[in-house]
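The next block holds one structure in the form of structure tokens; read it before the comments.
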Amino acid sequence: MAVYTDVPVEELDAFLEGYDIGKLLSYKGIAEGVQNSNFLLHTDAGYFILTLYERLVAVEDLPFFVALMEHLAARGINCPQPVRRRDGRPLGELCGRAAAVVTFLDGVWMRRVEASHCTAVGEALARLHLAGADFRDHRTNALAATKLRPLFDSCADRIDSIQPGMLSAIRDELDFLDQAWPRGLPEGVIHADLFPDNVFFLGERLSGVIDFYFACNDMLAYDVAICLNAWCFENDHSYNVTKGRALLQAYARVRPMSDAELAAMPVLARGAALRFLATRVVDWLNVPPGALVRPKSPQEYFRKLRFHQHADSVHDYGVAARELA
């Protein structure tokens, strides 16, 4: 979440006349995240989230995200629900951008991740994958590991300003993944961005999952690899095998993984690290003037990539393959 677009109160009031969510009492921008402009709305009917879709989100993809959230909620996944306008549409336009209002989820995201949180995330991710198994819409993963080269090329002349030698290392990794990327693993709907700030907890209980705007169809094990990257490294970028074991074992208790998925985990983790390195590089080098946004460090995922490059099997992530099948 972030704020790229200022929303005058007069325009917001006019926009909200299309909804049955009460009178606006207050609103404020949400600075966390890097993708869309987000605001917390307080009306006399309660709290809601307003999202203005920017940059990486294509307007034609929005019906997919809306339908997916409604589908998952109907199958027991606690996620935000689009609030439909008086005319029945889930989307409107505000400040020249497609915009939506969604329900507010109670909870906070964990600034300090423990192994118990990784257990909860592993279970939730597996349930999400199972709940999405009969979702009929399809969205190709535009940020798949084998499609990242144009994103890096768009700012290649500035990448080494972040860290000397980064561009050459990235190009070597792109060449490797073009050859080694797995094929034929089980696929379905994935969240593709299940970072700690997209998972809410009430106490120690996972209370909900948010931000489905990278969701797409891809290999289910790739989504697991994204979570290993997002949840199982420490602040010094060292991998925590206890957290990794907790996440993987919890996932496999709900959805056992195939031998092929487990064998592919190091390569999938490399691809996941490179994918987030790509968007962080672009965000770091292209922050719009005046935007209320905090770009995240590309070096973090460059270091994670280095760890995965030395991993030989799923055992390096804290478990034996036989524990997860």
### Message
Considering only region 138-146, I want to know if a residue exists there that is at pLDDT below 95, in the same structural domain as G271 (by TED's automatic domain parsing) and among the polar types (S, T, N, Q).
### Response
yes
#### Entry: Close pairs from region 113-140: first polar (S, T, N, Q), partner in a loop (DSSP other than H, G, I, E, B), Cβ under 7 Å, at least 6 apart
S116/E204
### Query
Of everything in region 71-90 that's closer than 22 Å to V189 by Cα and touching a strand residue (DSSP E or B) at 6+ places or on another chain (Cβ under 8 Å), which residue is surrounded by the most Cβ atoms within 10 Å (Cβ to Cβ)?
C79
### Task
Out of the residues in region 163-189 that are assigned to a helix (DSSP H, G or I) and touching a Ser or Thr at 6+ places or on another chain (Cβ under 8 Å), state the one that is farthest from E300 (Cα to Cα).
D178
## Note on the structure
Expected single match for outside any helix (DSSP H, G or I) and surrounded by fewer than 22 Cβ atoms within 10 Å (Cβ to Cβ) among D236, D197 is D236
### Message
Considering only residues that are part of a loop (DSSP other than H, G, I, E, B) and of a type outside the set (S, T, N, Q), which ones fall in region 129-150?
### Response
F135, R136, D137, H138, R139, A142, L143, A144, L148
### Message
Among the residues that make up region 264-278, is at least one of them surrounded by 22 or more Cβ atoms within 10 Å (Cβ to Cβ), out of contact with any Asp or Glu (no Cβ under 6 Å at 6 or more places or on another chain) and either polar (S, T, N, Q) or modelled with pLDDT under 95 (or both)?
### Response
no
### Given (1) more than 23 Å from G244 (Cα to Cα); (2) of a type outside the set (S, T, N, Q); (3) at pLDDT below 95; (4) in contact with a Ser or Thr (Cβ under 7 Å, 6 or more places away or on another chain), index of the condition E204 fails
(1)
### Message
Whether any residue in region 44-62 is out of contact with any Phe, Trp or Tyr (no Cβ under 8 Å at 6 or more places or on another chain), in a strand (DSSP E or B), modelled with pLDDT of 85 or more and farther than 26 Å from L277 by Cα is what I want to check.
### Response
no
### Task
Can you give me the number of residues within region 151-162 that are in a helix (DSSP H, G or I) and either surrounded by 12 or more Cβ atoms within 10 Å (Cβ to Cβ) or outside the structural domain of F214 (by TED's automatic domain parsing) (or both)?
6
### Query
Looking at (1) surrounded by 15 or more Cβ atoms within 10 Å (Cβ to Cβ); (2) in a strand (DSSP E or B), can you tell me which one A126 breaks?
(2)
### Task
State all residues of region 160-178 that are hydrophobic (A, V, I, L, M, F, W, C) and farther than 10 Å from A278 by Cβ; if no residue qualifies, say none.
I162, M166, L167, A169, F176, L177
### Task
Starting from region 271-287, take each residue that is in contact (Cβ under 8 Å) with a residue 12 or more places away in the chain and list its partners that are of a type in the set (F, W, Y) and assigned to a loop (DSSP other than H, G, I, E, B), counting only C-beta distances under 9 angstrom and pairs at least six apart or across chains.
G271/W181; F276/F195
### Message
Filter region 21-49 down to the residues that are of a type in the set (S, T, Y) and touching a residue at least 24 places away in the same chain (Cβ under 8 Å) and list them by number.
### Response
S37, T43, Y47
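Here is a check on your reading of the model: is A73 without any contact (Cβ under 8 Å) to a residue 24 or more places away in the chain and out of contact with any Leu (no Cβ under 8 Å at 6 or more places or on another chain)? Can you show your working first?
Values: without any contact (Cβ under 8 Å) to a residue 24 or more places away in the chain: yes; out of contact with any Leu (no Cβ under 8 Å at 6 or more places or on another chain): yes.
In short, yes.
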### Task
Give the residues of region 50-70 that are surrounded by 18 or more Cβ atoms within 10 Å (Cβ to Cβ), in contact (Cβ under 8 Å) with a residue 60 or more places away in the chain and either among the aliphatic types (A, V, I, L, M) or more than 19 Å from N198 (Cα to Cα) (or both), sorted by residue number.
V57, D61, L68, M69
### Message
Quick check on this structure: which one of V121, V101 is outside any helix (DSSP H, G or I) and either at pLDDT below 95 or buried (at least 18 other Cβ atoms within 10 Å of the Cβ) (or both)?
### Response
V101
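The values are calculated or read from the model by the stated rules, or taken from the named source; none is laboratory data. Since this is a predicted model, take the numbers as computed values, not measurements. Backbone-built Cβ (ideal geometry, glycine too); neighbour counts: all protein chains shown.
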